[in-house]
Amino acid sequence: MYELLWLVPALPCAGFLILALFGDRLPRRAAPFIGAGSVGFSALVSFLIAYRFFTAPPEGEHFSQVLWTWMNVEGFTCQFSLYLDALSLVMCLVVTGVGFLIHVYSAEYMIDDESYAKFFAYMNLFVAAMLMLVLGENMVLLYLGWEGVGLCSFLLIGFWYKNPANGRAAMKAFLTTRIGDTFMAIGLFLLFVQLGTLDIQEMMQRASQQWAVGSGVAVAAALLILGGAVGKSGQLPLQVWLPDAMAGPTPVSALIHAATMVTAGVYLIARTHVIFELAPSAQFLVAVVGAATLLLAGFAALAQRDIKRVLAYSTISQIGYMFLAMGVGAYAAGIFHLVTHAFFKALLFMASGAVIVALHHEQDMFKMGGLRKKLPVVFWTFLIGSMSLASLPIISSGFYSKDLILWSAFASEKGSKALWFAGFAGAFVTGIYTFRMVIMTFFGEEKTHVHVKPGWVMCLPLVILAICSTFGGLMEIPSSIYHFPLFTHFMESALPAAPIPHEGLEHAELMLQVIAVIAVLCGLSIAVVAFGVKPQIARAVVATPFGAKMRDLLFAGWGFDWLYDKILIQPFLRTARFNKDDFVDLIWNGIAALSRGVHSLLSETETGHVRWYAATLSVGALLALAIVVLL
Amino acid sequence: MASVPMEHALVLAAVLFALGLAGLLVRRNIIFMLMCLEIMFNAAGLAFVAAGARWAQADGQVMFMMILTVAAAEVAVGLALLLGFYHHFKTLDADAAEGMRG
């Protein structure tokens, strides 16, 4: 069974090749079958392998498959090999499972698009690259997948390239993540030079043997890897590309910019957690970055008008939670949140996509409203996703994962009350912006007429993901309710166990849960009151000078774009403009200008007057004579 | 026979040459310019003759004969050019032929 592992990335890759090479010649109806089918079979193989992994785990709880030798240079061999353990298995299931549902959804969503086959080709290539990223046994393969998903992200953000704004958004995403990628590449060079291998498991082993805790090399390596993770996952300070990435088609936002690719940074940190364990200061920085990001992005989501931008900021915020978990050493909790987040965020994006299509590509929430009766399936699934995002207790998967992160942030040795409080405040804000979105979209009076209703092809993935978002959290039930740590237990073979809570905190867990639940419910009721029952409250807040200023600041995502424009882009453009004609060329251009000047001066003496020539001739002769006589 | 000092002859030659040159530069009429050229030729010839007399050598007079021949050839070519010039430009003003400037 495990020998079929190569099929998991190979099937989407084959789908990509077929669609890319023959997409134009195939009948239009074949494209979604090839596109979604390849990912579907890949998901099937993943599930079979997962079943096998549960019932009869391979030796040492991991399985590696060498396909061929990729390159063999003197002293350095790089195998094209796949590595399967609990972590990559979970990632595989998410990528192929959620990916398949999104492909099915796209079959209807993109049906009127002229580049139907091209869309599925890009999507398949993305899934193949993402699977390469999570299954690669060495860092080179991981980096191949890493760059592959970056490329697909670029192609798909700019999919509707005829609008120049989309092209700019794609470029912004590509360039911003490139900063992180450069950090990561330098980190890989450092690791290779220091440890002499790029095989991830071998690397981790050697690192823990050779490096002392807190040594400079370990900190440097961890920081460089963190740089890559921050870029890809849209964390501070490189988060600016993600809201603009919503220029792509909505299934792309669901798959790439919510469920899978942006979580690659979290996966990378979990994969190299040994290095972060060796560099406590870097790991603390991970937690701080996560906490700061989840708060800033959560507040920024409060002021957005575009429904997809709200979701984009909430994605940044939720990945901040995952980073927080990584930072306090609760790797399994972070991955758990990654999984539930993939469910509910893909659901939310696809449901918002259904709304956008129904309203004839209207994305402004201020022009929506009252869609509850018109689009019942979308409303209920969106509501379930929102409950999960806001982590309403018991009935949503987001509750279980976010609670685990909050508890780890509070109780683990690397956690602190401040980190817990950041997560707690984030949960409160999440409650507000989530239900602001729900109320503005689905309640109140109808402002835009419903154009088309989504068909069953679009509704089916919504329903399946709604079920996952509701019950997915039951994989892990906190001990305060009913001790059932299935997920963390399963992850233990790949990731160290969640830190053991201090003694005497048994009751604290339940108490913290109750506090967090109250915060979420408070946020929810504030949203209901301020945006639903009495909208004049929100209007009054915004009408005050301070409120208006805050709204503008938050709407602009805390002005990071403005700041980067001022300190990076403008100076660069100014320098470029200043040096438009290359500085060094001044010398060569100067020589040319000099000879041209002398030439025109001399040609002035060619007057055509023969008497003038005679005069100059005699003056010249006189001068020559004078020189001979006087010297 | 009281010989004329060479210096006097040379000064006269220099004055003649300068006059010829000045005339050449100042006059625009080609006929006058040719005449000025003749004056300059003869100034040079006078200098040769004076020098030949001073050192009692025949070379100075030989050179004068040479100059006379050259002057004759020059006048022949010059007058031919002048005729062509007049035919073409309908004037004898040398400045009229300035078409080949810079």
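Tell me, which residue of region A:268-290 that is under 17 Å from the mean Cα position of the chain (by Cα) and open to solvent by less than 10 Å² (accessible area, probe 1.4 Å) is farthest from A:L144 (Cα to Cα)?
A:G290
Note down all Cβ pairs under 7 Å where the first residue falls in region A:472-486 and is farther than 15 Å from A:V514 by Cα, the second is assigned to a loop (DSSP other than H, G, I, E, B), and they're at least six residues apart or on different chains.
Final answer for the pair search is A:G473/A:S396.
Which one of these is touching a residue at least 24 places away in the same chain (Cβ under 8 Å) and on the phi > 0 side of the Ramachandran plot: A:G290, A:G329? Please lay out each step first, then the result.
Values: A:G290 fails: on the phi > 0 side of the Ramachandran plot.
From the options A:G290, A:G329, the qualifying one is A:G329.
For residues that are within 13 Å of chain A (Cβ to nearest Cβ) and loosely packed, with under 14 Cβ neighbours inside 10 Å, tally how many sit in region B:70-88.
We begin by selecting, within region B:70-88, every residue within 13 Å of chain A (Cβ to nearest Cβ); these are B:78, B:81-82, B:85.
Applying the additional criterion that residues be loosely packed, with under 14 Cβ neighbours inside 10 Å yields B:81.
Qualifying residue count, region B:70-88: 1.
Which of the residues that make up region A:348-364 are in contact with a strand residue (DSSP E or B) (Cβ under 9 Å, 6 or more places away or on another chain) and either open to solvent by 30 Å² or more (accessible area, probe 1.4 Å) or among the aliphatic types (A, V, I, L, M) (or both)? Quick ask: steps written out before the conclusion?
Filtering region A:348-364 down to residues in contact with a strand residue (DSSP E or B) (Cβ under 9 Å, 6 or more places away or on another chain) leaves A:363-364.
Within region A:348-364, just A:Q363 meets the criteria.
With (1) more than 30 Å from A:T607 (Cβ to Cβ); (2) touching a His at 6+ places or on another chain (Cβ under 9 Å); (3) of a type in the set (K, R) as the list, and B:R101 as the residue in question, which single condition is left unmet?
(1)
Within region B:40-58, count every residue that is without any contact (Cβ under 8 Å) to a residue 24 or more places away in the chain, over 13 Å from B:M6 (Cβ atoms) and surrounded by 12 or more Cβ atoms within 10 Å (Cβ to Cβ). Give the derivation first.
Here is the first cut: in region B:40-58, the residues without any contact (Cβ under 8 Å) to a residue 24 or more places away in the chain are B:45, B:48, B:52, B:55-58.
This time we only want the ones that are over 13 Å from B:M6 (Cβ atoms), so: B:45, B:58.
Those still in the list that are surrounded by 12 or more Cβ atoms within 10 Å (Cβ to Cβ) too: B:45.
Result for region B:40-58: 1.
Of the residues A:K417, A:K367, A:K374, which single one is out of contact with any strand residue (DSSP E or B) (no Cβ under 6 Å at 6 or more places or on another chain), without any contact (Cβ under 8 Å) to a residue 24 or more places away in the chain and open to solvent by 10 Å² or more (accessible area, probe 1.4 Å)? Outline the logic, then answer.
Details: A:K367 fails: without any contact (Cβ under 8 Å) to a residue 24 or more places away in the chain; A:K374 fails: without any contact (Cβ under 8 Å) to a residue 24 or more places away in the chain.
Of A:K417, A:K367, A:K374, the one residue that is out of contact with any strand residue (DSSP E or B) (no Cβ under 6 Å at 6 or more places or on another chain), without any contact (Cβ under 8 Å) to a residue 24 or more places away in the chain and open to solvent by 10 Å² or more (accessible area, probe 1.4 Å) is A:K417.
Would you mind finding the one in A:S38, A:S81 that is in contact with a strand residue (DSSP E or B) (Cβ under 7 Å, 6 or more places away or on another chain) and either open to solvent by 10 Å² or more (accessible area, probe 1.4 Å) or closer than 28 Å to A:L191 by Cβ (or both)?
Numbers: A:S38 fails: in contact with a strand residue (DSSP E or B) (Cβ under 7 Å, 6 or more places away or on another chain).
The unique qualifying residue is A:S81.
Limited to region A:534-549, what total is found for residues that are assigned to a helix (DSSP H, G or I) and either of a type in the set (V, I, T) or open to solvent by 60 Å² or more (accessible area, probe 1.4 Å) (or both)? Outline the logic, then answer.
First pass over region A:534-549, keeping only residues assigned to a helix (DSSP H, G or I): A:535-543, A:545-549.
This time we only want the ones that are either of a type in the set (V, I, T) or open to solvent by 60 Å² or more (accessible area, probe 1.4 Å) (or both), so: A:536-537, A:539, A:541-543, A:545-546, A:549.
Result for region A:534-549: 9.
Being within 14 Å of another protein chain (Cβ to nearest Cβ) and over 30 Å from B:R28 (Cβ atoms) is the requirement here; does A:V598 meet it?
Values: within 14 Å of another protein chain (Cβ to nearest Cβ): yes; over 30 Å from B:R28 (Cβ atoms): yes.
When the stated conditions are applied, A:V598 passes them.
All but one of (1) in contact with a helix residue (DSSP H, G or I) (Cβ under 9 Å, 6 or more places away or on another chain); (2) open to solvent by 30 Å² or more (accessible area, probe 1.4 Å); (3) not in a loop (DSSP other than H, G, I, E, B) hold for A:A43; state the number of the condition that does not hold.
Every listed condition holds for A:A43 apart from (2).
Using the structure shown, decide if A:V66 is part of a strand (DSSP E or B) and either crowded, with 23+ Cβ neighbours inside 10 Å or among the aliphatic types (A, V, I, L, M) (or both).
Numbers: part of a strand (DSSP E or B): yes; either crowded, with 23+ Cβ neighbours inside 10 Å or among the aliphatic types (A, V, I, L, M) (or both): yes.
Judged against the criteria, A:V66 is a match.
Among the listed residues A:A332, A:A300, identify the single one that is hydrophobic (A, V, I, L, M, F, W, C) and either open to solvent by 10 Å² or more (accessible area, probe 1.4 Å) or touching a Ser or Thr at 6+ places or on another chain (Cβ under 7 Å) (or both). If you could, list the steps in order and put the result at the bottom.
Values: A:A300 fails: either open to solvent by 10 Å² or more (accessible area, probe 1.4 Å) or touching a Ser or Thr at 6+ places or on another chain (Cβ under 7 Å) (or both).
Matching residue, one of A:A332, A:A300: A:A332.
Filter region B:1-30 for residues that are within 14 Å of chain A (Cβ to nearest Cβ) and either aliphatic (A, V, I, L, M) or over 20 Å from B:E74 (Cα atoms) (or both) and give the result.
Correct list: B:A14, B:A18, B:L19, B:L21, B:A22, B:L24, B:L25, B:V26, B:I30.
Please give the number of the condition B:R101 fails out of (1) over 17 Å from B:M40 (Cα atoms); (2) away from every other protein chain (no Cβ under 13 Å); (3) open to solvent by 80 Å² or more (accessible area, probe 1.4 Å).
Every listed condition holds for B:R101 apart from (2).
The values are calculated or read from the model by the stated rules, or taken from the named source; none is laboratory data. Because the structure is a prediction, the values reported are computed rather than measured. When we count neighbours, we look across all protein chains shown, and the Cβ atoms used for this are built from the backbone with ideal geometry, even at glycine. Heavy atoms of the whole protein, side chains included, go into the accessibility calculation; ligands, DNA and RNA do not. Shrake-Rupley method; radii C 1.70, N 1.55, O 1.52, S 1.80 Å.
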